[in-house]
Amino acid sequence: MKQIHKAASRDWLRRAARFIPAFIWMGVIFWLSSRTGDEIGSVLPLFQKLFPFMTDFNWGHFVAYFILAAAFDYGFGRRSDRIVFKLLIILLCGLYGVTDEYHQQFVGGRLMDAADLRNDMIGAAIWCLFVSVPFVRTRWRRWTEKEKRSF
């Protein structure tokens with residue numbers, strides 16, 4: 001009985017640990033959204049040297065939540081191959097996006113913006129569509145299973 005309990009406990013910890021990248025990335029998003037409008041504006045010219053077509057950081061929402069969705073996908077493992085989990089990933093990203101937008105209203109020069117929330121969810125949905133492509137899904141699972149074995 002004790003052996004079964006230990007194995008179940010280790011399995012639960014292993015599954016919970018797979019969500020660590022998602023929580024770390026959520027912290028990165030929180031830190032980025034804590035930057036004031038002036039701080040963000042002062043960094044934009046540096047990015048424009050690399051990407052001359054950039055006029056603002058709206059694309060950042062797509063990228064940030066694409067990565068967050070990938071981190072949630074990693075956390076759920078093979079279960080995220082099912083459509084219900086894809087929808088759950090988009091929902092979780094959307095819920096975090098709501099908290100992020102709410103948080104931004106307390107940061108100088110930043111506002112709550114429904115368009116940003118829309119972009120967050122689009123970024124998450126793009127990940128879910130991208131990883132649904134059979135070739136991509138196979139490569140992604142091979143890589144994440146390799147990570148799982150080394151745990």
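The values are calculated or read from the model by the stated rules, or taken from the named source; none is laboratory data. Since the model is a prediction, treat every value here as computed from it, not as a measurement. Neighbour counts run over all protein chains shown; Cβ positions are idealised from the backbone, glycine included.
Number of residues in region 99-131 that are of a type in the set (D, E, K, R), free of Cβ contacts under 8 Å to residues at least 12 places away in the same chain and not in a helix (DSSP H, G or I) equals 0.
Residue pairs, Cβ under 8 Å, 6 or more apart or interchain, first in region 13-31 and under 17 Å from Asp100 (Cβ atoms), second acidic (Asp, Glu). List them. Listed pairs, sorted by first residue: Ile29/Asp100; Phe30/Asp100. Looking for something more than 27 Å from Ala16 (Cβ to Cβ) and either part of a helix (DSSP H, G or I) or touching a residue at least 12 places away in the same chain (Cβ under 8 Å) (or both) - is there at least one such residue anywhere in region 75-98? Taking every residue of region 75-98 in turn, none turns out to be more than 27 Å from Ala16 (Cβ to Cβ) and either part of a helix (DSSP H, G or I) or touching a residue at least 12 places away in the same chain (Cβ under 8 Å) (or both). Evaluate region 67-87: report whether one residue or more is of a type in the set (Val, Ile, Thr) and out of contact with any Gly (no Cβ under 9 Å at 6 or more places or on another chain). Yes - at least one qualifying residue is present in region 67-87. Of all residues in region 20-50, those satisfying the criterion of being among the hydrophobic types (A, V, I, L, M, F, W, C) and more than 19 Å from Asp120 (Cα to Cα) are Ile20, Val43, Leu44, Leu46, Phe47, Leu50.
One residue stands out in region 131-151 among those that are touching a Lys or Arg at 6+ places or on another chain (Cβ under 9 Å) and modelled with pLDDT of 90 or more: the one that is surrounded by the fewest Cβ atoms within 10 Å (Cβ to Cβ), namely Ser132.
Every listed requirement among (1) more than 18 Å from Phe62 (Cβ to Cβ); (2) more than 15 Å from the chain's Cα centre (by Cα) is met by Val136 save one, (1).
Applying the criterion of being within 17 Å of Ala124 (Cβ to Cβ) and among the hydroxyl-bearing types (Ser, Thr, Tyr) to the residues of region 51-80, the residue that is surrounded by the fewest Cβ atoms within 10 Å (Cβ to Cβ) is Tyr74. For the subset of region 19-36 comprising residues that are among the hydroxyl-bearing types (Ser, Thr, Tyr) and within 18 Å of Phe62 (Cα to Cα), which member is surrounded by the fewest Cβ atoms within 10 Å (Cβ to Cβ)? Going through the qualifying residues, I end up with Ser34.
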